[in-house]
Amino acid sequence: MTTRVADNTDESRFEIFDGGELAGFVEYHRFRDEIAFLHTEIDPRFGGRGLGGKLARSVLDEARKQELKVLPFCPFIRGWLGKHPEYTDLVPEAQHARFGL
């Protein structure tokens, strides 16, 4: 199955599709040059396939591409950042303690 991530701006969320089916999403709020990730959800039917990680990497890569500062309020995104220090530079240095990075 192929996966793809799309930005659904009408719903303020990035969505991950597996074989054409919506498998999960990350809700966000954008303000100026910041993007706050609020909530991540993967449908249990798609659990154990690594889609959460693929989604996290994709949304953070997109934030980097758009030169956005990341505020990881979502526990899943925050935890993923903790395991992938190569992405922590997206979070403003002054916010690292706030998010436990």
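The values are calculated or read from the model by the stated rules, or taken from the named source; none is laboratory data. Every value quoted in this text rests on a predicted model; they were computed, and no experiment measured them. Note that each Cβ is placed from the backbone with ideal geometry, even for glycine, and that neighbours are counted across all protein chains shown. Accessible surface is based on the protein model in full, side chains and every heavy atom, while ligands, DNA and RNA are left aside. Shrake-Rupley method; radii C 1.70, N 1.55, O 1.52, S 1.80 Å.
Taking θ = phi - 60°, what integer Hz values does the Karplus form 6.51 cos²θ - 1.76 cosθ + 1.60 yield along segment 46-60, in sequence order, with x for Gly and Pro?
Each residue's phi maps through the Karplus curve to give 10, x, x, 9, x, 5, x, x, 5, 5, 4, 4, 5, 5, 6 Hz.
If you count, for each residue, the other Cβ atoms within 10 Å and average over each peptide, how do 52-58, 90-96, 78-84 line up from highest to lowest?
Values: 52-58: 19.7, 90-96: 13.4, 78-84: 16.4.
Listed from highest to lowest mean packing, they are 52-58, 78-84, 90-96.
Amide H to amide H under 5 Å from residue 71: which residues, 5+ apart in sequence or cross-chain, H placed 1.01 Å off N in plane?
Close amide H contacts, sequence-distant or interchain: 35, 36, 37.
For segment 80-86, just list the computed ³J(HN,Hα) in residue order, Karplus coefficients 6.51, -1.76 and 1.60, θ = phi - 60°, integers in Hz, with x standing in for Gly and Pro.
Using θ = phi - 60°, the values come out as 5, 4, x, 8, 10, x, 5 Hz.
Using a 1.4 angstrom probe on heavy atoms only, work out the carbon and sulfur share of the accessible area of the chain in %.
Working: 2860 of 5880 Å².
Ligands and nucleic acids excluded, carbon and sulfur reach 49 percent.
Let me check the size of the chain from its C-alpha atoms; what are the radius of gyration and Dmax in Å?
Taking only Cα atoms of the chain, I get Rg and Dmax of 13.0, 41 Å.
To the nearest 500 deg cm²/dmol, what mean residue ellipticity at 222 nm is calculated for the chain from DSSP H runs of n ≥ 4 alone, each contributing -39,500 (n - 2.57), summed and divided by the residues?
Working: 2 runs with 24 residues, N = 101.
Value at 222 nm, helices only, nearest 500: -7500 deg cm²/dmol.
Scan segment 15-80 for GluC sites (Glu not before Pro) in coil per DSSP, keeping those whose Cβ has at most 14 other Cβ atoms within 10 Å, and list them by number. Before the final figure, lay out each step's value.
Values: sites: 15, 21, 27, 34, 41, 62, 67; in loops: 67.
Those satisfying the criteria are 67.
How much accessible area per residue does segment 1-79 have, in Å², with a 1.4 Å probe?
On the way: 4530 Å² over 79 residues.
That works out to 57 Å² for each residue.
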